[in-house]
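Engineer: Quick one: this structure, given as structure tokens, is what I'll be asking you about.
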Amino acid sequence: MKRLLLISTTILLLFSFSSCTKTVVVADGGMPVAGSWVLAEASQHTSYGWQLVHTGLENGVFDFYNDGGATYSDAATNMQGSWAMRYTSGGYYDRYGDYYSGSHYAFEIHLRDRYSASSVDLFFDEAIVSGNTLIATYYNGNYVSRYVFNRY
């Protein structure tokens, strides 16, 4: 009887451990964002169409890491922080300035320079990666802003 109990317990444990799975959460929601990026263009959609804007971030490099960490460096600043891309649903404006409602990726970047207390907090309602380009948009209640990042 003891032998049957030992064999049954061993088989049960083998099946229990063999059915375990490991879940890995990818910080970028499955989109290929990790790597180095530069801000190639920032613009706002107004009644006159898309107008270029200067953000102060055009001369640096954004590094997005697989673990959700992020850095930004230019000649004067070194910021560290995090980034996240999440699959969500709801209303958003796309890269052309058109409104949609449905499932899409939202993107956010949080960076801070601990020495100068400078910070960057960007919340994008919609983001899409196409080849070596990441296009992210947000609506602030008055106009749609579009940021175009290129791989560095």
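Engineer: Which condition breaks for residue 39 when tested against (1) under 20 Å from the mean Cα position of the chain (by Cα); (2) in a loop (DSSP other than H, G, I, E, B); (3) modelled with pLDDT of 95 or more?
Structural biologist: (2)
Engineer: Quick check on residue 117: is it surrounded by fewer than 18 Cβ atoms within 10 Å (Cβ to Cβ) and among the aliphatic types (A, V, I, L, M)?
Structural biologist: For residue 117, the condition - surrounded by fewer than 18 Cβ atoms within 10 Å (Cβ to Cβ) and among the aliphatic types (A, V, I, L, M) - is met.
Engineer: Return yes when residue 64 is of a type in the set (A, V, I, L, M, F, W, C), open to solvent by 50 Å² or more (accessible area, probe 1.4 Å) and under 20 Å from the mean Cα position of the chain (by Cα) and no when it is not.
Structural biologist: no
Engineer: Considering segment 127-140 alone, what residues qualify as being open to solvent by 20 Å² or more (accessible area, probe 1.4 Å) and either of a type in the set (S, T, N, Q) or within 14 Å of the chain's Cα centre (by Cα) (or both)?
Structural biologist: Residues satisfying the conditions are 128, 129, 130, 132, 133, 135, 138, 140.
The values are calculated or read from the model by the stated rules, or taken from the named source; none is laboratory data. Just so we're clear, the structure is a prediction, and the values are computed from it rather than from any experiment. Because the Cβ atoms are built from the backbone with ideal geometry, glycine has one as well, and the counts that use them run over all protein chains shown. These area figures cover heavy atoms from the full protein model, side chains too; ligands, DNA and RNA do not enter into them. Shrake-Rupley method; radii C 1.70, N 1.55, O 1.52, S 1.80 Å.
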